[in-house]
2 protein chains.
Amino acid sequence: MPTQRPKSTSTAHASRRSESSRRAILTAAFDLVQEVGYSGLSIEGIASRAGVGKQTIYRWWPSKGAVLFDAFLMLSEGDDGDPALPDTGDLQADLALVLRATVDELNDPRYDVPMRALTLEIARDPALAATYAERLGEPMSALKKERLRSAQRAGELREDLDLDVVVDLVWSPLFSRWLQRSGPLTHAYADGVVATALDGLRPRLR
Amino acid sequence: MPTQRPKSTSTAHASRRSESSRRAILTAAFDLVQEVGYSGLSIEGIASRAGVGKQTIYRWWPSKGAVLFDAFLMLSEGDDGDPALPDTGDLQADLALVLRATVDELNDPRYDVPMRALTLEIARDPALAATYAERLGEPMSALKKERLRSAQRAGELREDLDLDVVVDLVWSPLFSRWLQRSGPLTHAYADGVVATALDGLRPRLR
């Protein structure tokens, strides 16, 4: 179930104002959670920072978690227009590039704080987890699997793989290490995960 | 830094009473969090359920998170005395056994609720994360690596692996899928993770 978007308005002018309020609210939520943490985040605080009334926020979002979630969607939509994973024909290099970029993001406090807050809310709230899965998790997973299928067509990957397992194998070590702070998140670690997943743990004859 | 244990007392009788209060408190915390969730858990509630005064709890633990953490330690200590991973000489079968048991535990509401609460606290609180790493995370990781080293000696595993990466590769998919509720946690999934990690993603000649 998608979280609410601004209701359509009857004039282009009101619609523009609506969209600008929406962006101000989402930006305020994203900035504020870095300053005060998730527990300190409130609809009042977001409204005050965004220069809108509380009712404007409540009209569009049911909770602060939903606001923060849409702030993430806005961010990821704004990235560069092409959400596909790189496909140079070298799967190991492409995955290492993607995982290194994820490492950099997770190590950046501007992302760590709001992402941790959102991740905790998702872990706590099954309804938010379902929304997240539908709007961000599954589309991301589909992009990853599309890149893996391309590697299968190129003969770089086994044909008989369960791609859901593969996605978890490649991406969850970073997530787990980041969330639990169980070890350093470095480019070398990202490279190690990719190489180890590709080559497997058993001795190879080659 | 370990969380506090009961202070040693001058007579065996007082020490037994101390230990019995400690167990009552930890059991109460574990039971209560399943009923009321982590946000509903309070030192007052634990004290009342355990039949002790609040001050008794505050003397031994700094927070409800620390109480819950020790409740987990008590549980894992009580398991069966031998914490080593199974070593039948067949690594794939042994890992599948361990991961299937983890799947069963994660699917059991008696464990899911308190483990989720503890995981969220660890993710939020770097001090609790450090305590967890020292007292549970690293000892568990050492046991896993010991089993992997045995497989290396038996020629079942490559010699040149970074075992920290291997531990994350094998164990984090379950953790991630459980915490984010991103897919069903089944024995087939556990088997798939083990087989895919062992064999790797690339086509093999054999």
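The values are calculated or read from the model by the stated rules, or taken from the named source; none is laboratory data. Fair warning: this is a prediction, and the values are worked out from it, not measured in the lab. Please note: Cβ atoms are built from the backbone with ideal geometry, for glycine as well, and neighbour counts cover all protein chains shown.
On inspection, B:Ala129 passes the criterion of being of a type in the set (A, V, I, L, M, F, W, C), touching a Lys or Arg at 6+ places or on another chain (Cβ under 7 Å), part of a helix (DSSP H, G or I) and facing another protein chain (nearest Cβ under 10 Å). Every condition in (1) on the phi < 0 side of the Ramachandran plot; (2) surrounded by fewer than 21 Cβ atoms within 10 Å (Cβ to Cβ); (3) facing chain B (nearest Cβ under 8 Å) holds for A:Asp160 except the one numbered (3).
Selection of the stretch B:77-95 for residues being closer than 18 Å to B:Lys145 by Cβ, part of a helix (DSSP H, G or I) and modelled with pLDDT under 85 yields an empty set. Residues that are part of a loop (DSSP other than H, G, I, E, B) and surrounded by fewer than 18 Cβ atoms within 10 Å (Cβ to Cβ) do occur in the stretch B:102-124, at least one of them.
Scanning the stretch B:186-203 for residues that are more than 14 Å from A:Leu169 (Cα to Cα) and either within 7 Å of chain A (Cβ to nearest Cβ) or surrounded by 19 or more Cβ atoms within 10 Å (Cβ to Cβ) (or both) returns a single hit, B:Pro203. Checked against (1) modelled with pLDDT under 95; (2) under 16 Å from B:Leu198 (Cα atoms), A:Val193 meets all criteria but (1). Among what's in the stretch B:166-185 and is more than 7 Å from every other protein chain (Cβ to nearest Cβ) and not aromatic (Phe, Trp, Tyr), pick the residue that is surrounded by the fewest Cβ atoms within 10 Å (Cβ to Cβ). Result: B:Pro184. Pairs are defined by a Cβ separation below 7 Å, a sequence spacing of at least 6 or placement on different chains, a first member in the stretch A:142-156 that is within 8 Å of another protein chain (Cβ to nearest Cβ) and at positive phi, and a second member that is in a loop (DSSP other than H, G, I, E, B) and surrounded by fewer than 17 Cβ atoms within 10 Å (Cβ to Cβ); the pairs so defined are A:Gly155/B:Pro203. The numbered conditions (1) free of Cβ contacts under 8 Å to residues at least 12 places away in the same chain; (2) under 22 Å from A:Ser176 (Cβ atoms); (3) loosely packed, with under 13 Cβ neighbours inside 10 Å are all true for B:Pro83 except (1). Does A:Leu68 count as at pLDDT below 90, under 20 Å from A:Pro114 (Cα atoms), out of contact with any Ser or Thr (no Cβ under 6 Å at 6 or more places or on another chain) and not acidic (Asp, Glu)? So A:Leu68 fits the description; yes. Residue count for the stretch A:37-72 under the criterion of being without any contact (Cβ under 8 Å) to a residue 60 or more places away in the chain, closer than 22 Å to B:Glu121 by Cβ, touching a helix residue (DSSP H, G or I) at 6+ places or on another chain (Cβ under 7 Å) and part of a helix (DSSP H, G or I): the result is 2.
With the condition kept exactly as written, say whether any residue in the stretch A:143-154 is polar (S, T, N, Q) and touching a helix residue (DSSP H, G or I) at 6+ places or on another chain (Cβ under 8 Å).
Checked the stretch A:143-154: no residue is polar (S, T, N, Q) and touching a helix residue (DSSP H, G or I) at 6+ places or on another chain (Cβ under 8 Å).
Quick check on the stretch A:134-141. Is at least one of its residues within 12 Å of chain B (Cβ to nearest Cβ), surrounded by 18 or more Cβ atoms within 10 Å (Cβ to Cβ) and at pLDDT 85 or above? So far as the stretch A:134-141 goes, yes, one or more of its residues are within 12 Å of chain B (Cβ to nearest Cβ), surrounded by 18 or more Cβ atoms within 10 Å (Cβ to Cβ) and at pLDDT 85 or above.
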